[in-house]
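The values are calculated or read from the model by the stated rules, or taken from the named source; none is laboratory data. Note that the structure is a prediction, hence the values are computed from the model and not measured. Cβ coordinates were reconstructed from backbone atoms using ideal geometry, including for glycine residues, and neighbour counts include every protein chain displayed. Accessible surface areas use protein heavy atoms only, side chains included; no ligands, DNA or RNA. Shrake-Rupley method; radii C 1.70, N 1.55, O 1.52, S 1.80 Å.
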Amino acid sequence: MRLTTIGTGTAAPTPGRVQSGHLVEAGRVRLLMDCGSGVTTRLADLGLRWQEITHVAITHFHADHVVDLPTILYAWRYGQLPPRSAPLAIIGPVGTLKLLSGFASIFGQGLLSLGFPISVHEFAPGSESALGDDVTLRCVKVPHTNESMAYSVERHGRRIVYTGDTGPDDLLGRWAEGCDVLLAECSLPDSMAIATHLTPTQCGALGAAAQPGVLALTHFYPPVEAVDIRGEVGAQFSGTVALATDGWTLDLEER
Ligand SMILES: [Zn+2]
Ligand SMILES: [Zn+2]
């Protein structure tokens, strides 16, 4: 399995960081988790085969996680020759169908009839689904918006967990326990802590609870980049920490 952080930014325009989006390549599965502004173009910047994405999973409905969905849907129809024919699965919380029909009401119904099959799967928290080729996707509710979920992607003994946007949550730490990579949001400095995002100290506590092989941090608002993220995380968690950038990649050899 391979994880590539495509977009490590937020709602705040930040040089070098587009909004949220992360690619997991596992067997024949190409899973894009979140699709914020700039993610489609960044996939191309990084030379990644956006044409071959098989699944898109959305953590929640904030614009910085979903607003590039129409962009990538149209890219598959009008941005490649020949146009896409392979099926696409879109996964998300309850409300994903409404989100997509909302986009279609703005951009036209053609958005969802592009000449390739699109299936939409609304996951309740706790759901588990086989994506094909031995890849399992699971989700758990996290404290951010009502619908917000974290995802776990597993194949052949390896596990990647992506928190999406979340506040501190003991259950999330236990749920992620022992994963190979914990990709966690790190939005705000401790001095600006709120219940619905994580600070470096809280990311460290999450890492201490989950004990991942690598704690990779993403979703940085500019004020958090002004503090010693590594030092503050390291005071809580002694394992490996990575500060993700757009294009950061980690390969996990399957067992
Ligand atoms: Zn966000
Ligand atoms: Zn959010």
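Values for this structure:
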| quantity | calculated |
| --- | --- |
| Lone unmet requirement of (1) away from ligand 2 (no atom under 16 Å from the Cβ); (2) among the acidic types (D, E); (3) part of a helix (DSSP H, G or I) for E25 | (3) |
| Residue among L198, L188, L182 that is hydrophobic (A, V, I, L, M, F, W, C) and more than 15 Å from ligand 2 (Cβ to nearest atom) | L182 |
| Any hit, the range 179-187, residues being crowded, with 19+ Cβ neighbours inside 10 Å, within 16 Å of ligand 1 (Cβ to nearest atom) and part of a loop (DSSP other than H, G, I, E, B) | yes |
| Total residues in the range 63-96, condition in a loop (DSSP other than H, G, I, E, B), away from ligand 2 (no atom under 16 Å from the Cβ) and open to solvent by 20 Å² or more (accessible area, probe 1.4 Å) | 9 |
| Count - residues of the range 4-56 that are open to solvent by 10 Å² or more (accessible area, probe 1.4 Å) and either basic (K, R) or more than 18 Å from W76 (Cα to Cα) (or both) | 15 |
| Scope the range 160-178; condition open to solvent by 30 Å² or more (accessible area, probe 1.4 Å), more than 16 Å from ligand 2 (Cβ to nearest atom) and either under 19 Å from T59 (Cβ atoms) or not in a loop (DSSP other than H, G, I, E, B) (or both); matching residues | D170, L171, R174, W175 |
| Failed criterion for T59 (all others in (1) crowded, with 18+ Cβ neighbours inside 10 Å; (2) away from ligand 2 (no atom under 16 Å from the Cβ); (3) among the β-branched types (V, I, T) hold) | (2) |
| Candidate set: the range 188-202, residues that are small (G, A, S) and part of a loop (DSSP other than H, G, I, E, B); chosen: the one surrounded by the most Cβ atoms within 10 Å (Cβ to Cβ) | A193 |
